[in-house]
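A.B. asks: Quick one: structure below, then a few questions.
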Ligand code: IMP
Ligand code: MG
């Protein structure tokens, strides 16, 4: 089973950090294929210590695991802070356990400025410069880690200075020397990760591809323009790492037991009144990266059906079921009503989504605590029904259910 791709099936914040941490002991590699400092993967260990990963793979917590930051990722300056924080928490990061692709794009100050000025307000971005950095990537004016690594090769320096100038910097030399300084500490980590990963897969190393954000934040598949600027879906792992789909034997979908969204954009099952407030409070739904309150809503099956197809899910990790423990009735959207027709799957254009009227089924709650349950079979009857409903609607087995934020608070088959 060489490669597994793990993807968020909603709008991110499905609790990927915890599940990745749980699965990591079975893998030789944990690799990131897109996104950057906009992501926030929270891991709480068995002692209740919390670790937050942004651009770095969360496999770094395990000494036996090799980690890679693939070409689909964008970052640099925030990685310096993150490296410092993780190191101070006792996490060892060395060229022996981490490699960074030559093709990672650098997020520069003008990206952050542009992000703050423009899309931030409308889209509600994390203001980390993500969109503008990927814009420059597509416009072929971006700077890659490899550009800084190979600066000594003939012609590279002048090419980089030219791109900086085209990005509007008045003093490209000054900007470049700052970038060189920022980059210095990462130099020993830079490698051709395409080669490393393909070699690893050939020798049958097990590789866990750690997706960030979620399916409907994908720049192609998501609720455009209310999306991030990378490919968050399973296909993004191929282009963001340079590995072949023939290595992928498993695609694990992360599904939160309800829906949340941080930032703007359509959200058909959003709770408008006190229910949303209650979910937010019980589920501690606050953005890991920005501290913004997350919008909360009911589980959205039409959305998940689309997600299951786009990603080709082979199994589901259902997270945060315990947040529903005290609910009496739990609304689940099973279809949308749009323009006189019933839809089973989420439509493709955001404007349609704004007009969809969700059709709810109310499932009976279980109204007891589940955080001490370790087997799916031992969940309260109505909780089991909730899990079964998801399996049946998505034709995909749920192999693990999160019942609390701590590492051990998990129920398995
Ligand atoms: P950006 O990725 O900062 O450009 O933000 C674009 C949209 O994606 C905004 O709605 C953000 O709130 C959302 N977003 C970006 N990263 C994450 C994440 O890791 N979790 C949840 N939402 C995210
Ligand atoms: Mg997050």
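Each value in this text was obtained by applying a stated rule to the coordinates, not by laboratory testing. Fair warning: this is a prediction, and the values are worked out from it, not measured in the lab. Quick reminder, even Gly has a Cβ in these numbers, built from the backbone with ideal geometry, and neighbours come from all protein chains shown.
One line per residue, one yes/no per condition, for (1) closer than 24 Å to residue 197 by Cα; (2) in contact (Cβ under 8 Å) with a residue 24 or more places away in the chain; (3) in contact with a helix residue (DSSP H, G or I) (Cβ under 9 Å, 6 or more places away or on another chain):
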{"site": "65", "(1), (2), (3)": "yes, yes, yes"}
{"site": "75", "(1), (2), (3)": "yes, yes, yes"}
{"site": "92", "(1), (2), (3)": "yes, yes, yes"}
{"site": "98", "(1), (2), (3)": "yes, yes, yes"}
{"site": "104", "(1), (2), (3)": "yes, yes, yes"}
{"site": "157", "(1), (2), (3)": "no, no, yes"}
{"site": "164", "(1), (2), (3)": "no, no, yes"}
{"site": "170", "(1), (2), (3)": "no, no, no"}
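A.B. asks: Residues of the range 194-235 being closer than 23 Å to residue 99 by Cα and within 16 Å of ligand 2 (Cβ to nearest atom), which ones?
C.D. replies: 210, 211, 212, 213, 230, 232
A.B. asks: Inspect the range 30-46 for any residue being farther than 23 Å from residue 235 by Cβ and away from ligand 2 (no atom under 16 Å from the Cβ) and give the result as yes or no.
C.D. replies: yes
A.B. asks: Same structure again: Pull up the range 30-45, narrow it to residues that are more than 9 Å from ligand 1 (Cβ to nearest atom) and surrounded by 24 or more Cβ atoms within 10 Å (Cβ to Cβ), then point me to the one that is farthest from residue 205 (Cα to Cα).
C.D. replies: Among residues in the range 30-45 that are more than 9 Å from ligand 1 (Cβ to nearest atom) and surrounded by 24 or more Cβ atoms within 10 Å (Cβ to Cβ), the one farthest from residue 205 (Cα to Cα) is 34.
A.B. asks: In addition: Output the number of residues of the range 375-395 satisfying the condition of being surrounded by fewer than 16 Cβ atoms within 10 Å (Cβ to Cβ) and not in a helix (DSSP H, G or I).
C.D. replies: Total meeting the criteria: 2.
A.B. asks: Let me confirm something: among 222, 263, which residue is in contact with a helix residue (DSSP H, G or I) (Cβ under 8 Å, 6 or more places away or on another chain) and on the phi > 0 side of the Ramachandran plot?
C.D. replies: Details: 222 fails: on the phi > 0 side of the Ramachandran plot.
Exactly one residue qualifies, and that residue is 263.
A.B. asks: In the set 69, 52, 19, which member is farther than 24 Å from residue 106 by Cα and within 16 Å of ligand 1 (Cβ to nearest atom)?
C.D. replies: 19
A.B. asks: Within the range 1-14, track down each residue that is outside any strand (DSSP E or B) and within 11 Å of ligand 1 (Cβ to nearest atom).
C.D. replies: Going residue by residue through the range 1-14, those that are outside any strand (DSSP E or B) are 1-2, 9-14.
10, 11, 12, 13, 14 - these are the residues of the range 1-14 that are outside any strand (DSSP E or B) and within 11 Å of ligand 1 (Cβ to nearest atom).
A.B. asks: Moving on to the next point. Regarding residue 389, is this residue over 17 Å from residue 14 (Cα atoms) and free of Cβ contacts under 8 Å to residues at least 40 places away in the same chain?
C.D. replies: On the way: over 17 Å from residue 14 (Cα atoms): yes; free of Cβ contacts under 8 Å to residues at least 40 places away in the same chain: no.
Judged against the criteria, residue 389 is not a match.
A.B. asks: Report those strands (runs of 3 or more DSSP E) wholly inside the range 282-372 carrying at least 2 residues which are under 21 Å from the mean Cα position of the chain (by Cα), closer than 30 Å to residue 246 by Cβ and within 16 Å of ligand 2 (Cβ to nearest atom).
C.D. replies: Counting at least 2 such residues, we get 315-319.
A.B. asks: Just checking, how many residues over the range 135-149 are in a loop (DSSP other than H, G, I, E, B) and without any contact (Cβ under 8 Å) to a residue 24 or more places away in the chain?
C.D. replies: Here the count works out to 1.
A.B. asks: Between residues in the range 276-288 that are under 20 Å from residue 367 (Cβ atoms) and residues that are within 12 Å of ligand 2 (Cβ to nearest atom), which pairs lie under 7 Å by C-beta distance while being six or more apart or on different chains?
C.D. replies: From the range 276-288, the pairs are 279/285; 280/294.
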